[in-house]
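Just below is one structure, and these are the notes that go with it.
Read-outs throughout are calculated quantities, based only on the coordinates presented, and are distinct from any laboratory measurement. Keep in mind that what you see is a predicted model, and the values were worked out from it rather than measured. Backbone-built Cβ (ideal geometry, glycine too); neighbour counts: all protein chains shown.
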Amino acid sequence: MSVEETEVVVIGAGQAGLSSAYFLRRFGFEPVVLDAGAGPGGAWRHRSPSLTMDKVHGVFDLPGFPKPPGGDGSRQAAEVVPAYYGAYERAAGLHVVRPVRVTSVREGEAGRLLIETDAGEWSAAALVNATGTWTRPYWPYYPGAATFAGRQLHYADYRGPAEFAGRRVVVVGGGASAVHVLSEIAGVAAATAWVTRRPPEFRDDDFGEDARREAVAMVEERVRAGLPPQSVVAVTGLTYSAVVREALAKGALHRRPMFRRITESGVEWDDGTFLACDTIIWATGFRAALDHLAPLHLREPGGGVRVDGTQVVRDPRIQLVGYGPSASTIGANRAGRVAARNVRRLLTAASARPAA
């Protein structure tokens, strides 16, 4: 199998990947973007059909190409956002190869990186990894989970309220995803209960630019220390969005502390309180999809990858975007610009180096 050589490969065509590719092109590079999806849209392609644009936590413009203003808020986000991303790819002239699943990134020849995929191999001098988190749903372990006779699913597999009609549902998680589920299934399900590890924090401000920067900075501290990142949303709290207001109006946001164990027919707390249920929805977030980078041994003893801005400290050839502070739409565009600048600096220095 032949190896295709290029200067820069971007893995992933979500917001962070497209932003990185856009700025790389502005700096004179022609990045190859490898995307696992069958079409544009990144993780948005897989969102629940019930998640309409008027419920979305936030969709930020991609650089250099504002999304169309207004529009019908009742349209599915899984249609609107991928259409916008597809138009962006065409307008920005990005070379996106799909569907391509990257299996590993390892050392190649002459100090280059070898990107192995199910559609061939690429050799690159630099790599921007923008694989995000959607493919790595996090399921926390609780005693007795294997004995539960009902249904358990992660938010990644949630497809709307209809299938929970008449069910007794426990929703686990303190973020926007959990509230989205509760706002829809309350009144459809026979009963709902909301369970979180920590009391939820509601914000009554408009979460402006300063607050967003502060949230990004808090997550950035962890990745600089080589610790697994928190999500940006986890540190921002819940704003009184349309979804939150709907859930409140339905009386669905009466939070309970985390249960101790799961039984065959429900959940049980430390004080012996028992709640019968037949469905548990884990809205417990996602982890960074970085398994394909394992051959490069980038992880620190703390379990995370130490990143300075977007640059991996252990290997400056690699930029991580959509990781830590740029894992939400809040920081993705800025991360794309930073990653592209880092790549330009790296490759400019390499070209100026005298041949051995």
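The table below lists the values:
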| quantity | calculated |
| --- | --- |
| Prolate/oblate/rounded call for the chain, Cα gyration tensor, a/c under 1.5 rounded | prolate |
| Whether the range 74-213 is rounded, prolate or oblate, judged on the alpha carbon gyration tensor where a/c under 1.5 counts as rounded | prolate |
| Helix 15-26 axis, angle to the chain major axis (alpha carbon atoms, nearest 10°) | 20 |
| Mean-position separation - Cα centroids, the range 1-57 and the range 88-137, in angstrom | 10 |
| Rounded to 10°, Cα long-axis angle of helix 176-185 versus longest principal axis of the chain | 40 |
| Amide H contacts under 5 Å for F286, placed H, 5+ residues apart | Y138 |
| For the range 173-195 and the range 299-315, distance of Cα centres in Å | 36 |
| Cα gyration tensor shape for the range 234-302, rounded if a/c is under 1.5, else prolate or oblate | oblate |
| Acute angle (nearest 10 degrees) that the helix 332-352 long axis makes with the longest principal axis of the chain, alpha-carbon atoms | 20 |
| Karplus-derived 3J(HN,Hα), 6.51/-1.76/1.60, for each residue of the range 148-156, Hz, glycine and proline x | 5, 7, x, 9, 10, 8, 8, 3, 4 |
| Ordering of 76-83, 162-169, 302-309, 195-202 by burial proxy (mean other Cβ atoms within 10 Å per residue, highest first) | 76-83, 302-309, 162-169, 195-202 |
| Table column - 3J(HN,Hα) (Hz), the range 123-137, Karplus curve with 6.51, -1.76, 1.60, x for Gly and Pro | 10, 9, 7, 8, 9, 10, 9, 10, 7, x, 9, 4, 7, 10, x |
| Over the chain, relative contact order from alpha-carbon pairs under 8 Å, at least 6 apart, % | 23 |
| Considering only the chain, percent of DSSP beta bridges that pair antiparallel, nearest 5 | 40 |
| Cα-centred dipole magnitude for the range 239-337, charges only on beta-carbon of K, R (+1) and D, E (-1), debye, nearest 20 | 480 |
